[in-house]
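Shown next, in structure tokens, is the structure this report addresses.
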Amino acid sequence: MNTPTKKFIVAGGALVVLVLVSCGLTGCKLPWSKGGNQGDSTVTNTSTAEIPGLVPDPGEEGKRTLAGIITNPKGVRDDIYNFILINHQDSEKTREVLFQYAKQMQGAMLDASSKELSMKHADEYEKVLECGVTLLGFDKYYQLRKNLKPLVLNTEARTMAYLQYDDQLGDGVFPDNNQGMSACNFDAASLLN
């Protein structure tokens with residue numbers, strides 16, 4: 001099956017891999033690198049030692065498997081968990097939306113070989129989208145997601161798994177959820193900021 005959509009997806013995946021490899025060789029600044037573009041987030045001058053809840057950095061060991069290392073209470077990869085805590089100290093709502101997004105992406109990659117599970121993860125994605133746009137606004141949610149996605153897909157195996165998941169959705173139909181805050185997997189109304 002050689003459709004224009006599949007060609008676009010493969011080309012996009014190749015571009016992601018190319019950027020990750022070239023940045024690894026040249027040391028370019030990515031959103032998660034020190035001094036990189038953090039988008040809409042506000043990073044304070046707090047040292048990481050002063051940020052409560054951080055878990056040990058998994059380093060290269062965290063890249064050895066598709067699942068990575070998970071020791072934190074949110075159930076997302078530890079590198080992503082720390083990134084969110086460090087870069088989004090100013091908003092609990094932002095952190096929770098990004099944890100929900102990261103968890104959905106993680107599940108989608110791990111279950112990418114199953115069309116049925118991929119469709120379920122696509123439904124979860126629609127909920128994350130509804131939650132994020134409701135709480136943060138369209139522009140801010142998309143910018144935050146755009147900044148986090150390269151970290152989620154930080155290895156070739158993760159990028160390929162994501163492309164496989166995306167390919168599974170080719171003939172799916174996904175209705176709008178229109179659930180507002182009830183699409184969040186956390187109690188959004190109880191969060192102050």
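The values are calculated or read from the model by the stated rules, or taken from the named source; none is laboratory data. No experiment lies behind these values; they were computed from the predicted model shown. Please note: Cβ atoms are built from the backbone with ideal geometry, for glycine as well, and neighbour counts cover all protein chains shown.
Among the residues of region 76-94, write down those that are in a helix (DSSP H, G or I) and among the acidic types (Asp, Glu).
ASP78, ASP79, GLU92
When you scan region 102-111, do you find a residue that is in contact with a helix residue (DSSP H, G or I) (Cβ under 6 Å, 6 or more places away or on another chain), at pLDDT 95 or above, closer than 20 Å to LEU191 by Cα and part of a helix (DSSP H, G or I), even just one?
So far as region 102-111 goes, yes, one or more of its residues are in contact with a helix residue (DSSP H, G or I) (Cβ under 6 Å, 6 or more places away or on another chain), at pLDDT 95 or above, closer than 20 Å to LEU191 by Cα and part of a helix (DSSP H, G or I).
Considering only region 112-124, state which residues are in contact with a helix residue (DSSP H, G or I) (Cβ under 8 Å, 6 or more places away or on another chain) and in contact (Cβ under 8 Å) with a residue 24 or more places away in the chain.
ALA112, SER113, SER114, LYS115, SER118, MET119, HIS121, ALA122
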